[in-house]
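**Q** Below: one structure in structure tokens.
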Amino acid sequence: RMNHQELLLIFTKPSSAQNTLCSALSRKHNTNVAKNILLFLGDGMGVTTITAARILKGQLQNRSGEETIMNMDTFPFVGLAKVTHSFLKSIPDSAATATAYLCGVKTNLNTVGVSAAARNGVCRSQKGNEVTSILKWAKDAGKSVGIVTTTRVQHATPAASYAHSASRTWYSDADLPTSAVTGGCLDIASQLLRNTDIDVIIGGGRKYMTPKGFPDPEYPTDLSAQGQRKDNRNLVNEWLSLIRRLWWNKTDFDAVDPEKTDYLMEITEKAIRILKKNPKGFFLLVEGGRIDQGHHDSRASMALHEAVALDDAVARGLELTNEEETLTVVTADHSHAFTFNGYPFRGNSILGKSPIFAMDFLPYTTLMYGNGPGIKITDNKRPDIRNVDTTDKDYVQQSAAPLDSETHGGEDVALFARGPMAHLYQGVYEQSYIPHAMAFAACVGTNQEHCWSMILMINIISPHTSSLINHNESIKPAIFVMKTYILISH
Ligand SMILES: [Zn+2]
């Protein structure tokens, strides 16, 4: 730990602010075409979570914590994404938000990969209202695509990249209501094989891929891990017959020792190394899915450790790619009812208590929840935590209103960007803007007029040099470019 004198030196000398000014003045817009897109998504990683995770990260390295610089903190362009008005509700869920930041449209709660014309749980309203994602746009442009998640691959966040479902809970065919079966709607697990040819998929969720009662290969005696499909299909075998390689967990995942390595960082590295082989580049979605789970349980320790793990994965992503040709975005789908409060001293454990007691003469933690499972009133009093170790990983922080599961928060989420066209992410915008800017940067999807001359050039020069092509250089008369392209290609 730094002593008071050392801290004073760091925070009071003007040079650190001057350094920040210098780097702000030297910041240039990178107008290259993004060959690769890396999207890091912290499920439920609101700004309070980022601040608290930053302090935890420093404290895990035996420092005071507040002075720590996260990897995402180093990104030159930052904006705020408005997560509200998923239709009907002002605070969204992970399905509606994933459809916004992956497919570019705001939609209804609990629906994935469909527009707001589709209604939650109504199969027939899904038909004709499917929307595609940045993952598919990248694949259609010849890039390799991948999904890496610490949750199930059929979970809302990854699902919106490949599936269209009026309900996020239609994981396997056993979850489909009769009206969905007769209406011809497909479960999310089967859409994973059917819709887009995804090059790398790493995550959990195999029970939705195997027939009912099929024992889990890793936990054969665990009944809750058994297969769930009623149609008797074994999607894992179907997948393998398509000559795909599949990893489902840490133990299957070759060359990864979970005792010694950081799982999310390692799977991110593995995915990037595979996807990088494509000379046309790649799109990769990396989800830190358990930040959300930690917050719902009001276990701040779990949520913050997961956020630190995501930030470590960001570092690995930056190491393995080149900023000149890779657009990297770190953001969240939504926030939580999570607060960092009181007046703790600098260096106080981020999971610790406020030094001053509340009006009920009891201490409170600096991290608390607006609602959640952490409140039990006895004799008109909050629990006394004077002798409780609130830094324990399983400690449940207190909340104001009692709920089984703490809820999401409705405030804007931060977005950090670096690489080609990262400056498009400055300011305040709707979350549905995110994939549109990505597609523009990478010349995939719609809105590509500015790319025509670049497509021509990419065809006549080596893939390696294609990253030197610049959006600004491409502003030429479209007709001319079009003609040239047709001439050359014949
Ligand atoms: Zn959630």
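The values are calculated or read from the model by the stated rules, or taken from the named source; none is laboratory data. As the structure is a computational prediction, the values presented were derived from the model and not from experiment. Every residue, glycine among them, receives a Cβ derived from its backbone with ideal geometry; neighbour counts consider all protein chains shown.
**Q** How about segment 172-224: which of its residues are acidic (Asp, Glu) and closer than 19 Å to residue 131 by Cβ? Steps first, answer last, please.
**A** Keep residues of segment 172-224 that are acidic (Asp, Glu), which gives 173, 175, 187, 197, 199, 216, 218, 222.
Hits for segment 172-224 are 187, 197.
**Q** Within segment 95-104, can one find any residue that is modelled with pLDDT of 95 or more and farther than 20 Å from residue 289 by Cα?
**A** Yes - at least one qualifying residue is present in segment 95-104.
**Q** Okay, moving on. Identify all residues within segment 31-60 that are surrounded by fewer than 23 Cβ atoms within 10 Å (Cβ to Cβ) and more than 28 Å from residue 296 (Cβ to Cβ); write none if there are none.
**A** If the condition is that a residue be surrounded by fewer than 23 Cβ atoms within 10 Å (Cβ to Cβ) and more than 28 Å from residue 296 (Cβ to Cβ), then 31 is the only one that fits.
**Q** Could you list, in sequence order, all residues of segment 371-422 that are part of a loop (DSSP other than H, G, I, E, B) and within 26 Å of residue 438 (Cα to Cα)?
**A** From segment 371-422, those part of a loop (DSSP other than H, G, I, E, B) are 373-377, 379-380, 382-398, 403-407, 410-412, 419-421; that's our starting set.
Selection gives 410, 411, 412, 419, 420, 421.
**Q** Step by step: first the residues of segment 113-139, then only those that are of a type in the set (Lys, Arg) and in a helix (DSSP H, G or I), then the one that is nearest to the chain's Cα centre (by Cα). Which residue is that?
**A** 136
**Q** Now, a different point. In segment 311-355, what count of residues is obtained for those that are under 19 Å from residue 371 (Cα atoms), within 16 Å of the ligand (Cβ to nearest atom) and not small (Gly, Ala, Ser)?
**A** 3
**Q** Looking at segment 52-60, can you tell me whether even one residue there is touching a residue at least 24 places away in the same chain (Cβ under 8 Å) and in a loop (DSSP other than H, G, I, E, B)?
**A** Scanning segment 52-60, I find no residue that is touching a residue at least 24 places away in the same chain (Cβ under 8 Å) and in a loop (DSSP other than H, G, I, E, B), so the answer is no.
**Q** Has segment 73-87 got at least one residue that is outside any loop (DSSP other than H, G, I, E, B) and within 16 Å of the ligand (Cβ to nearest atom)?
**A** To start, the set of residues in segment 73-87 that are outside any loop (DSSP other than H, G, I, E, B) comprises 73-74, 77-82, 86-87.
Applying the additional criterion that residues be within 16 Å of the ligand (Cβ to nearest atom) yields 86.
Looking through segment 73-87, at least one residue is outside any loop (DSSP other than H, G, I, E, B) and within 16 Å of the ligand (Cβ to nearest atom).
**Q** Name every residue in segment 290-310 that is away from the ligand (no atom under 16 Å from the Cβ) and closer than 30 Å to residue 28 by Cα, in order of residue number.
**A** Hits for segment 290-310 are 308, 309.
**Q** Can you name the helices (runs of 4 or more DSSP H) wholly within segment 242-352 that have at least 3 residues being crowded, with 16+ Cβ neighbours inside 10 Å and at pLDDT below 90? Even if it seems obvious, please write down each step before you answer.
**A** Details: elements: 263-275, 290-296, 300-320.
The helices (runs of 4 or more DSSP H) meeting that bar are 263-275.
**Q** Let me ask something else about it. Considering each residue of segment 118-177, count those that are farther than 21 Å from residue 331 by Cβ and of a type in the set (Val, Ile, Thr), and give that number.
**A** 2
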